[in-house]
Structure formats: C-alpha cells, structure tokens
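Bear in mind these aren't lab numbers, they're just calculated from the coordinates by the rules spelled out. Because the structure is a prediction, the values reported are computed rather than measured. Methodologically, a virtual Cβ is constructed for each residue, glycine included, from the backbone with ideal geometry; neighbour enumeration extends over all protein chains shown.
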Amino acid sequence: MIQNAHNILRYYSPILKLYLEKCYKHNEPLFFWGIDLVSWGFAFRKGLVIWLWTILWGILGGIIAIVVSGGALVAALIAGTAEAFFGAFLAIMAGSIFGMLVVSIGTYASIVKIVTESTLKEQEKLETRMCPQCGRTVALDLKFCPHCGKSFV
Ligand SMILES: [Zn+2]
C-alpha cells in the first residue's frame with residue numbers, strides 16, 4: 001500500500017523521484033527533513049541565475065512596453081486632441097500589460113528550465129541499476145530491491 005503510493009509519486013514527480021532515490025540509497029526514512037536533495041550553496045547559485053534571468057526579462061518587458069506605448073504618446077502630444085490622448089492611454093495600458101506578461105512568463109519559464117535541467121543533472125549523478133526481477137530502476141548500492149524485495153547479494 002505505502003509502496004504503491006511511493007510508486008505513483010515516483011512516476012509523477014521527477015524531483016520527488018530524485019528525493020526518494022536518495023532516501024532508498026541511504027536507507028533513510030521518508031521525511032522531507034531527512035536528507036537535503038541539494039545543498040544551500042547549490043540552491044543559491046541557481047537562485048542567482050534565475051534572478052539574473054528575471055532582470056533580463058524585466059529589461060525586455062520594459063523595452064516592449066516603451067516601444068508599444070511610446071509612439072502613441074508622441075503622436076498624441078503632436079495631435080493634441082482628446083481622442084489622440086485616449087488612444088495613447090489605451091496604448092500605454094496595452095504596452096504595460098504586454099510587457100508584464102513577457103516579464104512574468106519569461107521568469108516562470110526560466111525557473112522551469114533551470115530547475116528541470118539541474119534536477120536531471122542531479123539524477124544522472126545517482127548511479128542506478130535495473131532490478132532483474134521487477135525491471136525497476138534501483139540505486140546501485142542497495143542490497144535488495146525496495147520495490148519487490150529481490151536480493152542483490
Ligand atoms: Zn525489483
């Protein structure tokens with residue numbers, strides 16, 4: 001029963017899968033405070049990369065907002081009519097919304113990209129073998145399969 005729940009979680013979450021592999025490998029109980037998946041130094045380095053990407057997306061979003069709304073504002077100042085200013089107001093709104101979309105989606109995309117890539121890299125570090133009885137992936141230094149109980153010694 002508990003084993004089935006673990007298998008479902010392992011299937012659906014690569015990060016949780018990585019965590020469970022480490023728990024099995026070290027024969028640790030399955031508590032989230034039991035083992036650090038990654039060190040804080042590693043997390044801060046990745047955090048810095050995401051932060052730099054966020055700044056980059058912020059600059060790009062700002063440029064887009066200025067380009068979209070700036071032309072309309074200049075045109076309104078030249079024309080000087082109420083309609084032109086209303087049009088400029090709409091263009092500034094549209095430019096701001098579009099710029100914010102670029103910043104937020106770009107930031108989230110950067111997080112997904114960096115977290116996924118670093119998870120896969122960490123996963124590669126764990127040496128595994130295939131259980132001859134059930135065919136599942138198991139940490140290399142385990143003495144028996146955590147899924148089916150097959151002994152490797
Ligand atoms: Zn097995």
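Things worth noting here:
- Where GluC sites (Glu not before Pro) fall in DSSP loop in the range 119-153, at most 16 other Cβ within 10 Å: Glu127
- The range 68-153: trypsin sites (Lys or Arg not before Pro) in DSSP coil with no more than 16 other Cβ atoms inside 10 Å: Arg136, Lys143, Lys150
- Label-to-label distance for Ile78 and Val153 is 8.4 nm, based on points extended 7 Å past Cα in the beta-carbon direction.
- Neighbour-count ranking [beta-carbon atoms within 10 angstrom, fewest first] of Trp51, Trp57: Trp51, Trp57
- Residues whose amide H falls under 5 Å from that of Thr128, counting only those 5 or more places apart or on a different chain, are Leu140, with hydrogens built in the peptide plane.
- Listed from fewest to most Cβ neighbours within 10 Å, the set Val153, Val115, Val68, Val138 follows the order Val153, Val115, Val68, Val138.
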